[in-house]
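The structure appears below as structure tokens.
The values are calculated or read from the model by the stated rules, or taken from the named source; none is laboratory data. Nothing here was measured: the structure is a model prediction, and the numbers come from that model. Cβ placement follows ideal geometry from the backbone for every residue including glycine, while neighbour counts extend to all protein chains displayed. Each accessible area value is taken on the protein alone, full model and side chains, heavy atoms only, with ligands, DNA and RNA left out. Shrake-Rupley method; radii C 1.70, N 1.55, O 1.52, S 1.80 Å.
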Amino acid sequence: MSERMESSSIESSTVSSMTMMEEDEHPHQFSSISKLHSNGPTTTSVHDLLECPVCTNSMYPPIHQCHNGHTLCSTCKTRVHNRCPTCRQELGDIRCLALEKIAESLELPCRYISLGCPEIFPYYSKLKHEAIYNFRPYNCPYAGSDCSVVGDIPCLVAHLRDDHRVDMHSGCTFNHRYVKSNPMEVENATWMLMVFHCFGQYFCLHFEAFQLGMAPVYMAFLRFMGDEREARNYSYSLEVGGNGRKLTFEGSPRSIRDSHKKVRDSHDGLIIYRNMALFFSGGDRKELKLRVTGRIWKEQQNPEGGVCIPNLCS
């Protein structure tokens, strides 16, 4: 099955390759970025006591124990079928109130201290903070495989470039022509076409083929490499057309905190039905030839009127 993609922009011209990844492809491991470890300089004996022997996560109330005093977290209690994983005795419903009280007196650093978080929290507040804190690492945004690499944005940009071979592009405008032979044979596929660098930020352009109800469709959308709150500062537009017709979409990019599948399933992007895409392509309808153009801009607050005005890159 032959594929080719031609890319160009107002600022530069590039030729890039489009690699199709079927959604059921086996996950890969990458050695260029280390996986996230549960770190923490406070590996004291008390902290070790609060580590669940089954899942190795920190335990929070209710902390359970068996008749011999072995403890485990409430989540793992159901997983081990009410049997102590240490001595195999029946667990029952005994709470380890002493350990829960000790935990209340602890103050621990955020597990993401190595990524820049300087905060120290009471034991029971730490978990909530880590679930919402911006310093927590991002999952690899590459679509089409269950890549398990995590890291900060600079590490993920290098990972996408070096390990997934995604094309990098500087500038806030894009003009791509996607050519695909035998489009009728593609039902579920996903491509990460390019990573854009503009306004000091990175954006991922995705292109998907999937079934919407009974109809085969294509979808293009943009994701922001950062948190949702930052993503709202930017907007983008997409346009596809041919034969005197065109479809347009305008919206805000979604954060890569949302998986590409979540964005796709919410239909938050430019959706083109396959019959319409083939009409745009012209010819004998046996080859897909789509030109998708777009731009990214930053919304700025007008200090006088308090409204957003677009900041377009030149």
Condition check for Phe203: closer than 24 Å to Gln300 by Cβ, free of Cβ contacts under 8 Å to residues at least 40 places away in the same chain, crowded, with 16+ Cβ neighbours inside 10 Å and assigned by the TED database to the domain that holds Asp146: no
Residues satisfying the stated conditions in the stretch 250-271, i.e. part of a loop (DSSP other than H, G, I, E, B) and either free of Cβ contacts under 8 Å to residues at least 40 places away in the same chain or aliphatic (A, V, I, L, M) (or both): Ser252, Ile256, Asp258, Ser266
Extreme residue, nearest to the chain's Cα centre (by Cα), among residues of the stretch 250-270 that are over 18 Å from Ser235 (Cβ atoms) and open to solvent by less than 50 Å² (accessible area, probe 1.4 Å): His260
The one condition in (1) modelled with pLDDT under 85; (2) in the same structural domain as Cys155 (by the TED database); (3) open to solvent by 40 Å² or more (accessible area, probe 1.4 Å) that Gly242 fails to fulfil: (3)
Members of the stretch 253-282 that are β-branched (Val, Ile, Thr) and farther than 15 Å from Leu222 by Cβ: Ile272
Among (1) open to solvent by 10 Å² or more (accessible area, probe 1.4 Å); (2) out of contact with any helix residue (DSSP H, G or I) (no Cβ under 6 Å at 6 or more places or on another chain); (3) closer than 29 Å to Lys286 by Cα, the one test that Pro216 misses: (2)
Filtered residues of the stretch 164-206 (kept if closer than 23 Å to Val150 by Cα and touching a Lys or Arg at 6+ places or on another chain (Cβ under 6 Å)): Met168, Cys204
Members of the stretch 152-194 found to be among the charged types (D, E, K, R) and crowded, with 22+ Cβ neighbours inside 10 Å, listed by number: Lys180
Enumeration of residues in the stretch 275-292 that are crowded, with 19+ Cβ neighbours inside 10 Å and either under 28 Å from the mean Cα position of the chain (by Cα) or assigned to a strand (DSSP E or B) (or both): Ala277, Leu288, Leu290, Val292
Helices (runs of 4 or more DSSP H) within the stretch 45-130 that include 2 or more residues open to solvent by 20 Å² or more (accessible area, probe 1.4 Å), modelled with pLDDT under 80 and farther than 23 Å from Val150 by Cα: 45-49
